[in-house]
Amino acid sequence: MDSNIFKHPFVPFISVLLITTLVALLNIPVMYTLWQYSFDDGTYSHAYLIPVIVVYLFYAITKSEQVNFRKCLSKPALLLFLLSAYFLFITSTAQISLLYWLATILLVCSAINFVFNSNFKIIFSSLYFIFLIPLWGVLTIPLQSISVVAVNALMGLTTIPVYVEQQFVQIPSGTFEIAGGCSGLRYLLTSLAISSLYCFLYFRTIKNIAIFILVAIFGALLTNWLRIVGLIIIGHQTEMTSPLMEDHNMFGWYLYAPFMLLLFIFGGRLADKEGAININKVNTNTSPVNKPNWPLTTVLLCVLLFSSTSLQLSSTTTPKMRTIETTVQPMIYNFSHLQIITDNALITHLEYSFNGRNLESKPTFFANSFIPENWHVISANTNNENQELIVKNGDKTAKIIVSYQISGSKFGSSSKFKLERLKRAAIGINETKLHWQFQLQ
């Protein structure tokens with residue numbers, strides 16, 4: 001096709017947007033879970049900015065003529081693209097949230113690099129979506145521990161009597177808990193996203209990149225520590241009556257905004273020293289006509305359709321829990337069928353089935369609770385085929401036996417069960433069961 005429309009200099013930019021949009025539309029179930037656990041989560045409130053930043057990045061590198069269609073098939077690019085598509089198929093079939101989020105990002109990146117000549121700037125721009133994924137929660141506990149130590153040290157510089165035990169800070173006016181939300185993760189993520197973008201646009205040397213990112217990380221953590229110390233001092237001075245004691249998130253952003261301004265000033269001076277050239281500078285050299293390669297485009301569409309979760313799964317992932325008429329029961333969501341095997345005064349045995357047609361229809365759904373209401377765990381033990389929980393409610397004691405099942409095999413460990421799900425997903429098996437048995441002692 002030699003239509004003039006394909007000779008426009010921004011055809012590559014528009015094509016990248018179309019590829020990204022197509023991946024999203026063909027994987028609506030995945031997008032829905034991202035909306036629930038990323039965009040709709042306060043820790044990842046920066047998520048709304050990430051797509052806008054990615055669009056800008058591709059606009060900038062397209063303007064500098066660094067996004068060019070491939071003229072012929074690249075076997076490594078094709079292999080990576082096929083592996084990414086298959087990885088998404090396996091992880092979505094196995095319903096492993098973190099893995100199918102990563103697989104989707106890899107699919108976007110490999111799809112773009114399959115159609116366009118690969119370079120670092122295209123890869124970076126594609127992988128920038130990583131800041132959307134709620135995988136950073138693993139840092140919460142370490143950051144929380146660091147915050148406790150830092151706050152204890154900073155409070156030692158004040159005259160306020162302080163006693164710190166675990167994550168609790170006690171002062172004469174009351175007690176503060178440095179909970180997971182006080183770990184500083186949201187400020188760290190924002191700093192990482194912004195500093196990596198700034199480095200991509202303005203720095204060329206590894207030394208300046210390392211310095212700038214380290215300053216951004218330390219500043220984010222310091223901002224959080226000062227926020228906590230500030231809240232403790234305000235709570236002490238106001239006898240815990242300040243409105244900030246109820247809603248203190250905005251207080252942190254008030255501290256973080258000046259830091260970001262100082263960070264950009266610092267970054268500007270680093271860039272001036274190394275004579276960094278802005279990526280927005282347009283290449284004035286005459287370049288060859290940049291047109292799509294239609295055979296590659298056809299392969300792209302076929303592979304994306306093959307890996308589509310929209311065509312395989314339901315996009316509705318709203319947690320649903322149905323109550324049943326039994327003596328006692330756990331809180332299990334999104335099951336497709338329930339069989340009551342035994343239900344009497346001493347033993348209740350329930351078998352939950354999950355058809356796998358919904359990404360959250362699984363025994364390991366995070367909101368599932370094996371403990372009935374008003375009961376609490378006093379001991380737990382896990383073996384190969386099940387996990388045993390001793391629970392208590394007043395003077396009553398009971399044993400709960402739980403096991404995960406797939407293809408006739410039972411597991412007591414959720415991690416071993418997930419690994420088996422990945423193995424079975426490779427051949428398209430995703431129906432699972434959950435066995436729950438309650439024995440009154």
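For the chain, the pair-distance distribution built from all alpha carbon pairs, in bins 20 Å wide starting at 0, is 20, 43, 31, 5, 0 percent.
Averaging the sequence gap over all C-alpha pairs within less than 8 Å and six or more residues apart, then dividing by the number of residues, gives segment 337-440 a relative contact order of 31 percent.
Work out which helices of the chain, taken as complete DSSP H runs, extend at least 30 Å along their axis over the Cα atoms and score a mean Kyte-Doolittle of 1.0 or more, then list them.
On the way: long enough: 206-237 (46 Å, 1.69); 249-274 (37 Å, 0.65).
Helices meeting the criterion: 206-237.
Charges were assigned to the Cβ only: +1 to each Lys and Arg, -1 to each Asp and Glu. The resulting dipole of the chain about its Cα centre is roughly 1640 debye. Among Phe168, Leu135, Ile332, flag the residue with its Cα farthest along the positive direction of the charge dipole of the chain, charges on Cβ as +1 for Lys/Arg and -1 for Asp/Glu. Value computed over the given set: Leu135.
Could you work out the relative contact order of segment 138-274? I mean the mean sequence separation of Cα pairs under 8 Å and 6+ apart, divided by the number of residues, in percent. Each step should come with its number before you reach the end.
Working: 130 pairs, mean separation 34.2, N = 137.
With pairs under 8 Å counted, the relative contact order is 25 percent.
Straight-line cross-link reach from Lys418 at under 24 Å between alpha-carbon atoms covers these lysines, not counting any fewer than eight positions away in the same chain: Lys320, Lys362, Lys410, Lys433. State whether segment 337-440 is rounded, prolate or oblate according to the following rule on the C-alpha gyration tensor (a ≥ b ≥ c being the square roots of its eigenvalues): a/c under 1.5 gives rounded; otherwise a/b larger than b/c gives prolate, and the remaining case gives oblate. It comes out prolate by the Cα gyration axes.
Based on Cβ point charges of +1 for Lys and Arg and -1 for Asp and Glu, what charge dipole magnitude is obtained for segment 337-440 about its Cα centre, in debye rounded to the nearest 20? Show your work: numbers first, answer last.
Details: 12 positive and 9 negative charges, 78 e Å.
That gives segment 337-440 a dipole magnitude of about 380 debye.
Each peptide in 10-17, 234-241 was scored by the mean count of other Cβ atoms within 10 Å over its residues; highest first, the order is 10-17, 234-241.
Once every Cα of segment 114-258 carries one equal point scatterer and solvent is ignored, give the base-10 log of I(q)/I(0) from the Debye formula at q = 0.09, 0.12 Å⁻¹, two decimals. After summing over all Cα pairs, the log10 values are -0.36, -0.58.
How would you rank 182-188, 398-404, highest first, on the average number of other Cβ atoms within 10 Å across their residues?
Working: 182-188: 23.7, 398-404: 20.1.
The most tightly packed comes first, giving 182-188, 398-404.
The order of the peptides 296-307, 334-345 by mean Cβ neighbours within 10 Å, most packed first, is 296-307, 334-345.
Relative contact order, percent, of the chain when contacts are C-alpha pairs under 8 Å separated by at least 6 residues? Computed over the chain, the figure is 17 percent.
Here, each number is a calculation from the coordinates, and none is a lab measurement. If you're wondering where the values come from, they're calculated on a predicted model, not measured in any experiment. Because the Cβ atoms are built from the backbone with ideal geometry, glycine has one as well, and the counts that use them run over all protein chains shown.
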